Structure formats: structure tokens, C-alpha cells
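Here's the structure we're looking at; comments come further down.
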Amino acid sequence: MKKTLMALCLTAVMANSYATPTESINDQHVLWNKTPIQFVIPSGKQRMISFPVRVSIDNTNPNLTTDKVAILNNNGTLYITAKEDFSPLLLPVHLSGTDQTILVYISGSSKAQDNAPLDVVVPDVTPDQYKSSAVKSKPTMDTNAISMTRFAIQQLGNPRLAEHPENIYRSPMATHKNVNIYPLSYVKAYPKVSWGGGSLTVTAVLLDNISNQKIILDPRMIIGNFVSASFYPSNVLAPTGGDHNQTWLIVTSNNEFGSALNSLNPYVRRQV
């Protein structure tokens, strides 16, 4: 199958510029369901927790002091460094443009092994609230399938260095941690994050081969009503346990990811 214009464009733009999935695939996400979120940071290390909109924190806990923890708030992502071991302490996180407060119990532990970034999914936040919370005075971006896909790949590599246009905002995925977007039982699919821009939504889905055989992914097998689809960095998955048994599937849709995924209309690969 010949590469589409999108694939050629992404290959040229992204070559050697951003992290491969093995460097960033461990991102986790948790659905906010009113239950306080447990967030453990390995002592002496930093861990990121991201929210769908800009946030503010109101640390009135007298036990949560700067000798225990350092917190950097950067446009909806908290970079939290545990300076020493400490027991769980409540940190209220207020979502900008909403009346919601996320309750996070943070703690530091020298025994903790998990240093993966955590994305908090908030189902009650509307797309308009995502848009209204975007940081102003930033450049805008043309919102087409190619540019949205390129943006997603850039964000997967190093979001602190990647540019974030004003008209691109985090979008709710409205789905589960594991989805059936590729109809093979041994290819697990984990939606990680969605962004909206104009009339399009782009979603990054981690594909994981849990079988003992090599798999060549075919875009014609993708389930859902999507405008475009690209694999990054490869459509070839090595057997489980190898260095390349995971890759990203980047899909764009005309509505939220959950709605596009559950659509009865099959995905048809388009030239873009």
C-alpha cells in the first residue's frame, strides 16, 4: 500500500525529532469519579500529573511543606518532586472555568517504582470549557488532519518543548482505558489523550502486541468513524517482550473520540 500524503509529511517533519513510544508509552490515565486520586512519587524524583484544563492549587495543608515537596504548575500539568518520604496528604486541584475540584492525595516513597505521568480524565467538563481554559496570546494553527496528527505526535514526544497553539485544547475521550479499535484480541489499545481544534478531534491510542508473533498493522481494520489514521513510528509490532512491540495509532475524527469509536460507520482510509 502506498503511503498517503499524511504519512509522507509526518515522516519528513518528525524524523529523529521526538521520542519513540518506548520513551513515553507509560503514560497512565485515571477517570475522575469523585473518589480521591492516589498519586505516589518516588522520593528524590519528579512525576507529572496532567488535567484537561488549566488548574490552580490551594495548599492550605500545614503538613505539605516545601521541605517535603516542590510543585510546578504549568498550564494544566503539575510537575511534583518528592524531596523525601511522606505520608499521603490532600492536595485540592481546582479546574479553571469550572466549579470542579479534583482531590489528589500525594505522597513520597523511596519504595515507589512507578514514575509514569498520569493524565486525569474529567467526563463532566464540556468542550467549551476546554476551549475557554486555553492560554491566550499564543499562535493559532490550521486545523486539518495533517496538522492535528503532527501536533499529537509532537506532544507525545516532549510536551514541555512542543508549541501549544491557542486554538488547540484538551478534549474528553469519553471512553474506557482499553478499547476495541483494532479487531485482534492480542493487540491491546489504550487511548491516552485527545485534543480538539476547529471541527476535528485527534486522539493518541497506544497499541500493544501481547502475542509471540510479529504483526503488521493494517489501517483498513480500524474500527470507528475516523477522518484519518496514522501509525507512529511504525505499523510493524514486534512480538511481546521486544523493544518494538508497541506503537501509536493517531486518529482524527469529526466528533469526540468515544463517539467516533462507537459509530456504526466503518473507517475508510482517505487521501488527505
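The values are calculated or read from the model by the stated rules, or taken from the named source; none is laboratory data. Keep in mind that this is a model prediction, so the values were computed, not measured. Cβ sites come from the backbone with ideal geometry, for glycine too, and all protein chains shown count toward neighbours.
Worth pointing out:
- Any hit, region 230-246, residues being of a type in the set (Val, Ile, Thr), buried (at least 17 other Cβ atoms within 10 Å of the Cβ), modelled with pLDDT of 90 or more and assigned by TED's automatic domain parsing to the domain that holds Asn144: no
- Here Val227, Val187 are screened, and the one residue that is under 24 Å from Thr143 (Cα atoms), of a type in the set (A, V, I, L, M) and touching a residue at least 40 places away in the same chain (Cβ under 8 Å) is Val227.
- Residue check for Lys192: assigned to a strand (DSSP E or B) and either surrounded by fewer than 19 Cβ atoms within 10 Å (Cβ to Cβ) or over 14 Å from the mean Cα position of the chain (by Cα) (or both): no
- Going through (1) at pLDDT below 90; (2) farther than 25 Å from Phe51 by Cβ; (3) touching a Ser or Thr at 6+ places or on another chain (Cβ under 6 Å) one by one, Arg269 falls short only on (3).
- Members of region 43-73 found to be part of a strand (DSSP E or B) and β-branched (Val, Ile, Thr), listed by number: Ile49, Val55, Ile57, Val69, Ile71
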